[in-house]
Amino acid sequence: MLRVFICGGSGYTGSELLRILAGHDDVEIVGVTSEKSAGMAVNELFPAFFIYKDLEFENLKLEEIRNRADVYFLALPHGKSQEVASALVEAGRKVIDLSADFRIKDASVYETWYKTQHLYPDLLEKAVYGLSEIYREQIKKAQLIANPGCYPTSVILPLYPFLKAGLIEPDTIVADSKSGVSGSGRKADISISYCEVNEDFRAYNVAKHRHTPEIEQELSSIAVKPLTIDFTTHLLPLNRGILSTIYAKLKKSLKTSDAIDILKEFYQNEPFIHIMPDGQLPSIKYVRGTNYCFITAVVNQRTGRLILISAIDNLIKGASGQAVQNMNIMFGIDETKALKNLALIP
């Protein structure tokens, strides 16, 4: 059995890890931390997780936990993961970090956008960006995985085939993304309370969302040139899910069917990428509760623009599900293990 430890198990991503791994028969969860809920059984905080009646939240004490597991998931706030990841890597453990602390390769860029000093810039070179479909071979050999952000996952995956093939103008990319409220985390905040969010729809962090440098870093790597994009986020009155609509100017004429064929060919062997046929568009309901990314393309012949649309569950393919997918890859387990479920209907 693979011994798993979750650092930060009382938030949304931590609880999703607990839920997903409950169906993974190659895994034993040997510990879970929560500073606020230490001493409480997991099923007391989350009654739905009744199978964890014998698993208690504990305080995060590095000296006590660093030798207890084979792999550690860090579902901790940005800034906090740095110290924990460094200590665990030094102890020879494998680490999958769900924060942004190791996603951005340039420490100064991280510090500019996250307003937090990066204390372990040497580890940035060691970290592998955990977008499973693109970096699978590096993930297999990695010790430290920087699990991607939810918005970046929804933007990078649709764009990748077209940027890779040089079919779009890199400096024309516009990404328009909408997310459910769980993307803000499990916390008390008036701006995301029920009465503030219900029956509303609004943009936020316009031209300054901190996922921007992560998206630009990865797209620049694909395009083999520095690029910037316009990236705008919106808050939906939903619990979970992301729908992203991405626009880019085509370098040559394509039909919608051509664009869809490019996506199908590129992702034909990817178990969690579903390319929708011409005439069907992704919906958040199609991916809710799943590790799938639904994608399609439409070409606007009047403007010569490619329009890409994707949908993911921000807590699963955008966070904890992708983290488990990465764990499976790291340890040579069937990549789809514990992740095959389809969306709830209705």
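General remarks:
- Residue count for the stretch 37-68 under the criterion of being farther than 19 Å from Arg19 by Cβ and open to solvent by 60 Å² or more (accessible area, probe 1.4 Å): the result is 6.
- Among residues of the stretch 109-158, those that are touching a helix residue (DSSP H, G or I) at 6+ places or on another chain (Cβ under 7 Å), open to solvent by less than 30 Å² (accessible area, probe 1.4 Å) and among the hydrophobic types (A, V, I, L, M, F, W, C), counted: 12
- Taking the stretch 232-272 as the range and being assigned to a helix (DSSP H, G or I) and either charged (D, E, K, R) or open to solvent by less than 20 Å² (accessible area, probe 1.4 Å) (or both) as the test, the residues that pass are Asp258, Ala259, Ile260, Asp261, Leu263, Lys264, Glu265.
- Qualifying residue in the stretch 26-42 (condition: farther than 15 Å from Ile96 by Cβ, of a type in the set (Asp, Glu) and at pLDDT below 95): yes
- All positions within the stretch 275-333 that are of a type outside the set (Lys, Arg), in a loop (DSSP other than H, G, I, E, B) and out of contact with any strand residue (DSSP E or B) (no Cβ under 7 Å at 6 or more places or on another chain): Pro277, Asp278, Gly279, Gly289, Thr290, Asn291, Gln301, Thr303, Asp313, Leu315, Gly332, Ile333
- Yes/no for Thr232 being at pLDDT 95 or above, within 28 Å of Arg202 (Cβ to Cβ), among the polar types (S, T, N, Q) and out of contact with any Asp or Glu (no Cβ under 7 Å at 6 or more places or on another chain): no
- Per-region count, the stretch 186-223, residues assigned to a loop (DSSP other than H, G, I, E, B), under 21 Å from Tyr12 (Cα atoms) and among the hydrophobic types (A, V, I, L, M, F, W, C): 1
- Only residues that are over 26 Å from the mean Cα position of the chain (by Cα) and not charged (D, E, K, R) were counted across the stretch 56-77, and they come to 1.
- Considering the stretch 94-108, and only residues there that are part of a strand (DSSP E or B) and of a type in the set (D, E, K, R), the residue that is least open to solvent (accessible area, probe 1.4 Å) turns out to be Asp97.
- Residue satisfying all of: in the stretch 185-208; of a type in the set (Val, Ile, Thr) and open to solvent by less than 60 Å² (accessible area, probe 1.4 Å); modelled with the highest pLDDT among these: Val197
- Search result, residues across the stretch 296-334 that are farther than 22 Å from Met276 by Cα and surrounded by fewer than 18 Cβ atoms within 10 Å (Cβ to Cβ): Arg302, Thr303, Phe331, Gly332, Ile333, Asp334
- Filtered by the rule that a residue be under 26 Å from Pro213 (Cα atoms) and aliphatic (A, V, I, L, M), the stretch 62-102 gives Leu74, Ala75, Leu76, Val84, Ala85, Val89, Val95, Ile96, Leu98, Ala100.
The values are calculated or read from the model by the stated rules, or taken from the named source; none is laboratory data. As the structure is a computational prediction, the values presented were derived from the model and not from experiment. Neighbour counts are summed over all protein chains in view; Cβ atoms, including those assigned to glycine, are modelled from backbone coordinates with ideal geometry. Side chains are part of the model used for accessible areas, which takes the heavy atoms of the whole protein and leaves out ligands, DNA and RNA. Shrake-Rupley method; radii C 1.70, N 1.55, O 1.52, S 1.80 Å.
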